[in-house]
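See structure below.
The values are calculated or read from the model by the stated rules, or taken from the named source; none is laboratory data. Bear in mind that the values here come from a model prediction, so they are computed numbers and not experimental data. Note that we place each Cβ from the backbone using ideal geometry, even for glycine, and neighbour counts take in every protein chain shown. All accessible areas refer to the heavy atoms of the entire protein, side chains included, with ligands and DNA or RNA removed. Shrake-Rupley method; radii C 1.70, N 1.55, O 1.52, S 1.80 Å.
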Amino acid sequence: MFVTDIRKEFYEVVANQRVVLLVASDMDALCACKILQALFHCDQVQYTLVPVTGWQDLGTAFLEHKEQFRYFVLINCGANVDLLEMLQPDDDSIFFICDTHRPVDVVNVYNDTQIKLLIKQDDDLGVPSYDDIFRDEDDDEEGGDSGNESDESSEPTGKRRRFDEVHVAVWTVKAVREILFDYEQYEYHGTSAAMMFFELAWVLTKDTKDMLWWAIIGLTDQWVHDKITNMKYVTDIATMQRHVSRHNHRNEDEENSLSIDCMRISFEYDLRLTLYQHWSLYESICNSSYTSCNFKLWTLNGQKKLQEFLADMGLPLIQVRQKYNSMDMSIKENLRDVIEESANKYGMKDIRIQTFGVHFGFKNRFLASDIVHATAALLESTEKDESDSNNFIKALDSLSRCNIERLHHGIELAKKKLIAIQQTVASCICTNLILSQGPFLYCYLMEGTPDVKLFSKPMALILLCKYLLKAFVHSTRNKRCKLLPLIMAAPKDVEKGTVIVVGIPPESDTSDKKNFFGRAFEKAAESTSSRTLHDHFDTSIMELKTEDRSKFLDALITLLS
């Protein structure tokens, strides 16, 4: 069931208990976890933190902790499946779920004993009504009362079934299936989990600037990884801006507000050039998907266009190619305006975006997107073959102000990742690796492709997938292909012979970001008996045996045609 008062129904319940935090491996979940940890430290709440990368991890973590703990907090996992069916917990286990994945499973919505959903109800959830999908066996005669016990006057009709054992009346099975199909066919994302926990901190009057910054990073992660619509992003940015103004106003009277170790958050209308303040302007333009796709930098004409663009700005090449920090102050002062003016001439009308920046003291300045790229690179680092949980802890540490060195290391990893993505996109476009399969586009990264190990990780592969589709739309002349979604596969584990497959919706600025591939993948795997593993919390990501790839694709083409 949905929690209406997050303070009373969640925080005050767990404040005197021992709690398990089961946290998914994504940036928003990490930020939400940091906020909740800070609140727990304030109130000395005992907790155990367990990172989980998929459903198997979640099941294992629950089995290990179910004897010692009653209360489980799930961050960015658990809402889109029937959790009680999957975990089979005891009756006294309580699950608090703060998850951005939509749609929320209807059994989770209507279970009012063990499942508590920390989810914003002003999101467009569209949950079917209880009476449309569940009917108790006593309710055939009359409407029933949403699964509650009937009046004592009604005649007994055998044992009352528990909530999770209600069966659907035979005569409504078809209608129920249609309702559930309409509700569950598209996967999408709701309000950031970090924003939800920041609102809790605000309600408790325990919100700090660090918590506010983590909430901003959680929201920015949704924008960087293209999980929410532009309208949703702008609306949530406005909410965050009000909190930033409140905090900045609160600190104006403090004598030490400009001390060397202070933290200042500011609203920025900044450039869509990835990591440009930690790179050279030239490299940032070349490796940002927005500018690279607009210029088509994988072509000779695109390279010429870039040179013309730099000339139009009137910036000396020696300045553009050196580190941003080393550029002349006179150039940096009005750099954004100069770039925006020239970008408008080249059709890049929205090169600036609403975002936030932070100063740690006088030396360190970051944009929210810088932190997202850096921490995501640490989270999926392939440097030393470290375990997922080690990478998780390093990424979590990099969000703390005291670990600036780790954050800088993340930025260096993010640069390598962006260069690898840019080179792979150029290679795929130039060698025509993107094939039109009828209802969708398809691209397979062969074993032996440079940096292929990096793309065995889901976030890196999705970023590549989105960048590649954008580049393809800019380069193809086929109008029909511009409207197609993309499926991409890359080697996952060569020894086991598996590939990781992701599907993304068509590229469009007005897209509602709803993804239908999750359901389609399940149906295609089922109909062909393909050996698949649907372990990821995003249903549009799965693993598949390499030899089953062709029959799986054939089934998908038939299904979606």
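The table below lists the values:
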read-out	value
Heavy atoms of Arg7: accessible area, 1.4 Å probe, square angstrom to 10	100
Ranked order, Glu333, Glu543 - accessible area, probe 1.4 Å, largest first	Glu333, Glu543
Shape category assigned to the stretch 371-492 from the gyration tensor of Cα positions, a/c cut at 1.5	prolate
Label-point separation in nm, Phe362 to Gln322, each point 7 Å along Cα→Cβ	2.2
Whole-angstrom gap from the stretch 85-127 to the stretch 257-308, using each part's C-alpha centre	40
Length added when fully stretched, Asp92-Lys305, from 0.36 nm per residue minus Cα-Cα	70.2 nm
Across Lys415/Lys514; Lys232/Lys415; Lys417/Lys492; Lys523/Lys545; Lys453/Lys545, pairs whose alpha-carbon gap is larger than 19 Å	Lys415/Lys514; Lys232/Lys415
Area of Ser387 that stays accessible when all protein chains are in place (1.4 Å probe, Å², to 10)	50
Residue-normalised accessible area of the chain, given per residue in Å² at a 1.4 Å probe	46
Carbon plus sulfur fraction of accessible area for the chain, probe 1.4 Å, in percent	49
Calculated [θ] (222 nm, deg cm²/dmol) that DSSP helices of n ≥ 4 give over the chain, each run adding -39,500 (n - 2.57)	-13000 deg cm²/dmol
Probe 1.4 Å - accessible area at Phe181, Å² to nearest ten	90
Cα Rg, Dmax (largest Cα-Cα span) when computed across the stretch 338-416, Å	15.7, 48
Rg/Rg_globular for the stretch 433-560, with Rg_globular taken as 2.2 N^0.38 Å and Rg from C-alpha atoms	1.00
Area projected by the alpha carbon convex hull of the stretch 247-419, averaged over all directions, nm²	11.8
Distance in nm between pseudo-label sites at Glu447 and Asn403 (7 Å out along the Cβ direction from Cα)	3.5
Those lysines that a straight Cα-Cα span of less than 17 Å connects to Lys349, excepting residues fewer than 8 apart in one chain	Lys296, Lys305, Lys470
Check: the stretch 282-341 dipole with +1 on Lys, Arg Cβ and -1 on Asp, Glu Cβ, in debye	300
Kirkwood-based Rg to Rh ratio, the chain, C-alpha trace	0.99
Residue (of Asn80, Gly218, Leu300) at the positive-pole extreme of the chain, dipole from beta-carbon charges	Leu300
